[in-house]
Every structure is written in structure tokens, then in C-alpha cells.
Amino acid sequence: MDCPDCERIDDQIFPKTTFWMSLPSKDSFSKLAVWLGSNGYEGEQFNSQGIRLTLSESRVEAFITALYGEINGQELAQSRIVTTEGAPPGPTDLRRVMMGDVFVNRFMARWIVDAIRDQSYESWYQPIVAADSGEVYAHEALFRMRDKTGQVINPGQVFKRAEQAGLLFTLDLTARKAAVEGAARAGLETKLFINFNPSSIYDPSYCLRTTASAIEELGLKPENIVFELTETHQARDKAHLKGILAFYRASGFGVALDDIGSGYSGLSLLHEMKPDIAKIDMDLVRGIHRDASKQTIVDSILRIAQKNGICSVAEGIETAEEAEWLKTAGADYLQGYYFGKPQPLSVAEAAE
Ligand code: G
Ligand code: MN
């Protein structure tokens, strides 16, 4: 069985595409009908609030872009759109029906779908060092996607666009696979930290089996893998987060909570979730050696971590002063440009 949300990306646009659009009210239906008529589109009514429109491929972009400007955001979000190659939508098209805004965002983000198909992405790796010895303890895998010219695209943008386009499940899975495959190919011998957005799955044991079996098939040791839960403030509920933690634990993986101390990532998550590792957000790290309020917050994160048997990693360290302050305060591991930037992992580096 496939998970429709993360393992398959459906085609929306065909050589000749029929758009089946269901509007949220009679009023928005009339507005769209009038606009189509006055802009040379031959739409047809197929039920009281439904409009059907067939376009050749070359006219699709102009139509979707105009549609985006014409219908207000809320109307678009409450509309439903599905496309076919002409026939009325059948039972198998049900799972392809999208909210209007997700449909438009998916179309605008089709470069992400193309890049996944063309495998125009890779995983880069950033070292995490032990605060006391300075030895490399682990690498964090960071996903990098390339555009058609080969330029690396800002990774934050890629994930944001993917989420708006209903592609987060697919992208997060692709990134996790790239992380383990790259590490296995390079013969990485340190621990491997892999980012994971809890909003990208419904059910841990079902949705995470692809990643877990890739790790096993590639011969990586589960005890060397740590999953970093990111964007935990967006997670549906604590029970969902706890389910994910339990799945990873039962499979022998380590678990870290990312971005502790940033915005919403409350300290309460630490003793409620009891991860193996707490990653202290880089906003707190920046200039910490001369910022008393950041020092107070980080001191209390470190104290809670120590009391609960949780190891700490300070992220985003850029200077010797920041590194020194964190080491003295008792952070276990350090990460940031000061120690090494994310970069493709060559076999040579992995072996050192
Ligand atoms: O959300 P997460 O903490 O996983 O984000 C890591 C991101 O931060 C990566 O994209 C990485 O390139 C970036 N990064 C890593 N180290 C540093 C650093 O020292 N300074 C800054 N500004 N960014 C960093
Ligand atoms: Mn991270």
C-alpha cells in the first residue's frame, strides 16, 4: 500500500486539462463565471456552484496566475479543484481534489516536484563536536535542493513552499532518505543527526517505516542515528509527538528536540518529552558571551537538561567567545560555522 501523501506526486496538468472547480458560494460562482466570460475563457456550468473549463497546456499558467489574483484568498481556500484529461472526475480522482489555495501553490511549486523527480538534491553534513575534547561526535544532515541552473536554493524557502503546496510529506521523506543514503555512501562513522518535521506524518509506525528500512538496508547502526524533531510548535498535539518519540526509541534510534529556546519551543517540552538530546537554538547562542538575559535562559535549559539526563548541543556557534562561554556553562556538544559549515561529505572526511 502506498501513502498517497508522501510517496506519490500526482500530475495536475495534461496536454489538455479540464479544471473542475467547485466554488464556496453562489456569489463567488457568479463572480468567476463573469470573469471567465469577459476574459475569453469558455467555462461551463456543471452544477449549481461548479464550473468546468478545458485548456491546452500553453494557456494554463496564465489562467492559474489570473485566478490567483481574481478570487480572494478565503474564497480560494474554500474552493475545491480537481483536474482530469477531459472525463468527469471519478472515484479514483477523489484523493486528487485540492483546496483552491493548495492547488495554486502546488502549481507554483512544481519546480519542487521536478527537482524531486530529477533528483536535483543532496544532503550536506555539518560536524557536531564534543565540548571537552573538540573531537567530531556527529554530523547533522542538511537537505540542499538545486534549481535548473545548479544553484543551491535557500533550504528554508524550499520547505516553506512545500508546506503551502501540500508537499511537506514528500519532501521531508525525500530529505530523510537523502541523509541516510549520503551517509552510507560516504561510509560515515560518526553519529548522524537527521531533521524530521513531526507535521509530515500521520502515524509514526506506518509513515516512518520507509526511513527505518532504508537505514537497515544500508547497514547503518540504529544507535548511531539521532532524529531531530523540528518545528515542534506546529505539531498537532503532545500525544502525536510522544508517539513519534516512542516509535524511534522502540526502533533503537536516538531523539533530539531542535531549536530549544526559540519562540514557542518551551522548556516544558524538555521534561515532558525527555529526549536524549536538547539542541539549543542559535538565536540564543548569538552573542551569548555578552548578553545576560540569553545567559540566564541557556543556564536554565542546561540545568533542566542535566537534571533529566538529557545531553545538550549548542547550535549556530560562529565565534570563539560563544564557544568558550557555552563550554564553560556545561554544554556537552557544540555546532556551528566556527567548527565547520555544512558541506558535501567526501569519503576522505568521513574516514578521518
Ligand atoms: O533548523 P536547524 O537548526 O536544523 O537549521 C540549521 C540551519 O542553520 C542550516 O541550514 C545550516 O546551514 C544553518 N547553520 C548551521 N550553523 C550555522 C551557524 O553557525 N550560523 C548560521 N547563521 N547558520 C548556521
Ligand atoms: Mn536541525
- Note on the structure: Among 161, 176, the single one that is open to solvent by 40 Å² or more (accessible area, probe 1.4 Å) and not aromatic (Phe, Trp, Tyr) is 161
- Do you know which of the residues in segment 140-155 that are closer than 26 Å to residue 253 by Cα and out of contact with any Asp or Glu (no Cβ under 9 Å at 6 or more places or on another chain) is least open to solvent (accessible area, probe 1.4 Å)? 141
- With (1) away from ligand 2 (no atom under 14 Å from the Cβ); (2) without any contact (Cβ under 8 Å) to a residue 60 or more places away in the chain as the list, and residue 282 as the residue in question, which single condition is left unmet? (1)
- Message: All but one of (1) modelled with pLDDT under 95; (2) outside any loop (DSSP other than H, G, I, E, B) hold for residue 328; state the number of the condition that does not hold.
- Response: (1)
- Hey, can you tell me all the residues within segment 277-297 that are in a loop (DSSP other than H, G, I, E, B) and open to solvent by 30 Å² or more (accessible area, probe 1.4 Å)? 286, 291
- Of the candidates 128, 194, 112, the one satisfying the condition of being of a type in the set (Val, Ile, Thr), open to solvent by less than 40 Å² (accessible area, probe 1.4 Å), under 22 Å from residue 341 (Cβ atoms) and under 19 Å from the mean Cα position of the chain (by Cα) is 194
- So which residues in segment 264-297 are hydroxyl-bearing (Ser, Thr, Tyr) and either more than 16 Å from ligand 1 (Cβ to nearest atom) or under 27 Å from residue 224 (Cα atoms) (or both), if there are any at all? 265, 268, 293, 296
- Apart from one, (1) surrounded by 14 or more Cβ atoms within 10 Å (Cβ to Cβ); (2) assigned to a helix (DSSP H, G or I) all hold for residue 51; the odd one out is (2)
- Residues being open to solvent by less than 40 Å² (accessible area, probe 1.4 Å) and either more than 13 Å from residue 276 (Cβ to Cβ) or within 16 Å of ligand 1 (Cβ to nearest atom) (or both) - total across segment 305-315: 4
- Output the residues belonging to segment 91-101 that are in a helix (DSSP H, G or I) and open to solvent by 40 Å² or more (accessible area, probe 1.4 Å). 91, 92, 94, 95, 101
- Taking residue 300 as the residue in question, decide whether it is assigned to a helix (DSSP H, G or I), open to solvent by 10 Å² or more (accessible area, probe 1.4 Å) and under 24 Å from residue 227 (Cα atoms). yes
- Query: Taking segment 213-239 as the region of interest, how many residues are more than 16 Å from ligand 1 (Cβ to nearest atom) and either open to solvent by 20 Å² or more (accessible area, probe 1.4 Å) or in a loop (DSSP other than H, G, I, E, B) (or both)?
  - Reply: 14
- Message: part of a helix (DSSP H, G or I), open to solvent by 10 Å² or more (accessible area, probe 1.4 Å) and within 16 Å of ligand 2 (Cβ to nearest atom): is that true of residue 271 in this structure?
- Response: no
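The values are calculated or read from the model by the stated rules, or taken from the named source; none is laboratory data. None of these values were measured; they are calculated from a predicted model. When we count neighbours, we look across all protein chains shown, and the Cβ atoms used for this are built from the backbone with ideal geometry, even at glycine. These accessible areas exclude ligands, DNA and RNA; they are computed on the full protein's heavy atoms, side chains included. Shrake-Rupley method; radii C 1.70, N 1.55, O 1.52, S 1.80 Å.
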